[in-house]
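See below for the structure under consideration.
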Amino acid sequence: MYTDLSLYIDGQWVAGTGEGRFTVTDPATGEAVGELALAGKADLDRALAAAQRGFASWSVTSAYDRSRVLRQAAALCRERMARMAACMTRDQGKPLAESTAEAAAAADHIEWYAEEGRRAYGRVIPARNPAVRQLVLREPVGPVAAFTPWNFPINQAVRKIAGALAAGCSIILKGPEEAPGSVIELVRCFHDAGVPAGVLNLVFGEPAQVSDYLIRSPIIRKISFTGSTAVGRQLGVLAASELKLTTMELGGHAPFIVCADADVQAAANLAVLLKYRNAGQVCAAPSRFFVHADVYEAFAAAFAEKSAALKVGAGTEEGVQMGPLANARRLQAMLELVDDARARGARVLTGGQRLGEAGNFYAPTVLADVPPEARLLSEEPFGPVAPLLRFTDLNEAIERANALEYGLAAFAFTASVKTATELGNRLRAGMVSINHFGLALPETPFGGIGASGHGSEGGSEGLEAYLTTKFISQI
Ligand code: NAD
């Protein structure tokens, strides 16, 4: 059981004054593992005032000094990786190996931003009058309100915290109530590394109330949200009415195209890895598999066989490759989406059912010949279900791949450089990965277009998201 699920406001761990407490459960058993304090209005007011003071001092702290503190936070993340991972597996459910990798990656993300924060370069524009100096400065945008979900509790939080802090912003993060443990441990690393009081604040609460209150506050200058398209749209409307900048990392429905000349085994191996990582609860996971008719049967057989062979169980068990879904809503969604596809004529090659009675386990599932009207092909599954679709003409596959409003990630397999280039050019997505998985590194931009959102996290674009431009003309 967790004993200390607190809020972190103005440099102190505090019990929230919000009404009631949120019961955190273990998705592998359904049992309660802790009681989470929730923020009331008074807590949010304190966090806002603290973020305002934090911004006043942190924004004028040199990039060099900010970088030193961030590096120390990264070192603490590495040191405490095992503890952070154990918390994540307990309340989010993913296998320990995945949790550990996520905690380790957090240190990489922080280090990247520690370095990049020192390169928030401006420029000098040659003036018409030789006596005039024209300077472009990059300045931190101001206090940030960030909202992160339960699927990658550390990863989603760290990209926002490290980006904001590296740029000189302060931040109030509303973490995921359902999976708070590892986020609290992450924030503890920043606290222990010496981030000054008020610069970083962590709250939990009733999501709609907290976001509404923070976004409307005149103190907040930037909103960064990761979550569903539906919620992103609501928050975007509110932020726009307050004229606040936004970064939106929303849902996706990534195509995975296997061409006739592809290495089918390599494609099937990667499909299994990407489809079932975090039980498919990944915004960039492949979720529509377009396979050329010449290799369809071979790919389907290899994919189904490897899917059926996965060891599913509690994330704490040795050798487990896929854990439970993080909450009962996702389990219910899998049951409904697969029933719908089956009723419309899809063939279940493997899986297609809940596993056991306790916990949120659903079998790795591959569906063949899924008809176009199946809900699964337009609704993001966000779970371990893979619909296969046959194609003969690559143009048609690209058109179908591009047909949804989503545009986050896209994957493709081909042996031809010409086809690879064409796919890279024509797939409508914020990120395209061809013949391997190459997304979500600290130094590369991560983000979508259309209903998948806007703005990037990672890469120099990730720092850019927390900066504004000031032009100075001086004589
Ligand atoms: P949801 O739409 O209820 O919530 C998504 C996330 O937004 C959660 O973390 C939730 O706490 C938060 N949220 C909800 N209302 C909010 C509000 N008014 N203000 C601020 N935050 C709010 O959906 P869910 O059942 O939790 O998740 C399922 C769907 O969410 C998936 O289908 C997927 O599209 C999406 N999702 C996307 C990501 C991602 O990485 N982009 C992560 C988690 C969930």
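The values are calculated or read from the model by the stated rules, or taken from the named source; none is laboratory data. The structure displayed is predicted, hence computed values, not measured ones. Glycine gets a Cβ as well: all are built from the backbone with ideal geometry, and neighbour counts include every protein chain shown. Accessible surface is based on the protein model in full, side chains and every heavy atom, while ligands, DNA and RNA are left aside. Shrake-Rupley method; radii C 1.70, N 1.55, O 1.52, S 1.80 Å.
Within the range 149-169, take every residue that is open to solvent by less than 10 Å² (accessible area, probe 1.4 Å) and within 9 Å of the ligand (Cβ to nearest atom) and give me the one that is farthest from the chain's Cα centre (by Cα).
Filtering the range 149-169 for residues that are open to solvent by less than 10 Å² (accessible area, probe 1.4 Å) and within 9 Å of the ligand (Cβ to nearest atom), the one farthest from the chain's Cα centre (by Cα) comes out as Asn151.
Residues are listed down the side, and each one gets a yes or a no for (1) in contact with a Gly (Cβ under 9 Å, 6 or more places away or on another chain); (2) under 19 Å from Gly232 (Cα atoms); (3) surrounded by 15 or more Cβ atoms within 10 Å (Cβ to Cβ):
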| site | (1), (2), (3) |
| --- | --- |
| Leu389 | no, no, yes |
| Asn425 | no, no, no |
| Ala429 | yes, yes, yes |
| Pro445 | yes, no, yes |
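Which is surrounded by fewer than 24 Cβ atoms within 10 Å (Cβ to Cβ), of a type in the set (A, V, I, L, M) and touching a helix residue (DSSP H, G or I) at 6+ places or on another chain (Cβ under 9 Å), of Ala127, Ala106, Ala73, Ala86?
Values: Ala127 fails: touching a helix residue (DSSP H, G or I) at 6+ places or on another chain (Cβ under 9 Å); Ala106 fails: surrounded by fewer than 24 Cβ atoms within 10 Å (Cβ to Cβ); Ala73 fails: surrounded by fewer than 24 Cβ atoms within 10 Å (Cβ to Cβ).
Testing whether each residue is surrounded by fewer than 24 Cβ atoms within 10 Å (Cβ to Cβ), of a type in the set (A, V, I, L, M) and touching a helix residue (DSSP H, G or I) at 6+ places or on another chain (Cβ under 9 Å) leaves just Ala86.
Is it the case that some residue within the range 262-273 is within 13 Å of the ligand (Cβ to nearest atom), outside any loop (DSSP other than H, G, I, E, B) and touching a helix residue (DSSP H, G or I) at 6+ places or on another chain (Cβ under 7 Å)? It would help to see each step written out before you state the result.
Our first condition is that a residue be within 13 Å of the ligand (Cβ to nearest atom); within the range 262-273, this holds for none.
Checking the range 262-273: not a single residue is within 13 Å of the ligand (Cβ to nearest atom), outside any loop (DSSP other than H, G, I, E, B) and touching a helix residue (DSSP H, G or I) at 6+ places or on another chain (Cβ under 7 Å).
Go over the candidates Gly236, Gly252 one by one and state the one that is touching a Phe, Trp or Tyr at 6+ places or on another chain (Cβ under 6 Å) and either modelled with pLDDT of 95 or more or under 22 Å from Gly383 (Cα atoms) (or both). Spell out how you get there, then give the answer.
Numbers: Gly236 fails: touching a Phe, Trp or Tyr at 6+ places or on another chain (Cβ under 6 Å).
Every option except Gly252 fails the conditions.
Looking at Arg133, Arg138, Arg216 in this structure, which one is surrounded by fewer than 24 Cβ atoms within 10 Å (Cβ to Cβ) and more than 29 Å from Glu242 (Cα to Cα)?
Just one listed residue meets the conditions, Arg133.
For the range 185-200: of the residues being out of contact with any strand residue (DSSP E or B) (no Cβ under 7 Å at 6 or more places or on another chain) and either of a type in the set (Val, Ile, Thr) or over 15 Å from Val14 (Cα atoms) (or both), which is farthest from the ligand (Cβ to nearest atom)?
Filtering the range 185-200 for residues that are out of contact with any strand residue (DSSP E or B) (no Cβ under 7 Å at 6 or more places or on another chain) and either of a type in the set (Val, Ile, Thr) or over 15 Å from Val14 (Cα atoms) (or both), the one farthest from the ligand (Cβ to nearest atom) comes out as Gly194.
Report, by residue number, each residue of the range 425-447 that is free of Cβ contacts under 8 Å to residues at least 12 places away in the same chain and under 15 Å from Glu399 (Cα atoms).
Step one: filter the range 425-447 for residues free of Cβ contacts under 8 Å to residues at least 12 places away in the same chain, giving 425, 438.
Result: Asn425, single match.
Checking the structure you have, find out if any residue of the range 348-361 is open to solvent by 20 Å² or more (accessible area, probe 1.4 Å) and within 16 Å of the ligand (Cβ to nearest atom).
Yes, the conditions are met somewhere in the range 348-361.
So which residues in the range 270-300 are over 23 Å from the mean Cα position of the chain (by Cα) and not β-branched (Val, Ile, Thr)?
Pass one, the range 270-300, residues over 23 Å from the mean Cα position of the chain (by Cα): 290-300.
Within the range 270-300, Phe290, His292, Ala293, Asp294, Tyr296, Glu297, Ala298, Phe299, Ala300 qualify.
Scan (1) within 16 Å of the ligand (Cβ to nearest atom); (2) not in a loop (DSSP other than H, G, I, E, B) for the single condition Gly205 breaks and write down its number.
Single failed check for Gly205: (2).
In the range 222-232, what count of residues is obtained for those that are more than 6 Å from the ligand (Cβ to nearest atom) and open to solvent by 10 Å² or more (accessible area, probe 1.4 Å)? Can you show your working first?
The initial filter retains those residues of the range 222-232 that are more than 6 Å from the ligand (Cβ to nearest atom), namely 222-225, 229, 232.
Checking the rest, the ones that are also open to solvent by 10 Å² or more (accessible area, probe 1.4 Å) come to 225, 229.
Number satisfying all stated conditions: 2.
Anything in the range 447-461 that is open to solvent by 20 Å² or more (accessible area, probe 1.4 Å) and more than 21 Å from Asp108 (Cα to Cα)? List them, or say none.
Of the range 447-461, the ones open to solvent by 20 Å² or more (accessible area, probe 1.4 Å) are 449-450, 454-456, 460-461.
The answer is Ile449, Gly450, His454.
Which of the strands (runs of 3 or more DSSP E) contained wholly in the range 1-61 include at least 1 residues that are among the hydroxyl-bearing types (Ser, Thr, Tyr) and under 30 Å from Met322 (Cβ atoms)? Give the steps one after another, and end with the answer.
Working: elements: 7-9, 12-14, 21-25, 32-37.
Answer list for the range 1-61: 21-25.
In this structure, does Ala302 turn out to be within 16 Å of the ligand (Cβ to nearest atom), at negative phi, of a type in the set (Gly, Ala, Ser) and surrounded by fewer than 24 Cβ atoms within 10 Å (Cβ to Cβ)? Can you show your working first?
Numbers: within 16 Å of the ligand (Cβ to nearest atom): no; at negative phi: yes; of a type in the set (Gly, Ala, Ser): yes; surrounded by fewer than 24 Cβ atoms within 10 Å (Cβ to Cβ): yes.
No.
Could you please give the count of residues in the range 233-261 that are open to solvent by less than 20 Å² (accessible area, probe 1.4 Å) and near the ligand (Cβ under 10 Å from one of its atoms)?
Taking the range 233-261 and keeping what is open to solvent by less than 20 Å² (accessible area, probe 1.4 Å), we get 235, 239, 244, 247-259.
When the remaining residues are screened for being near the ligand (Cβ under 10 Å from one of its atoms), the result is 235, 248-253.
Final tally of qualifying residues: 7.
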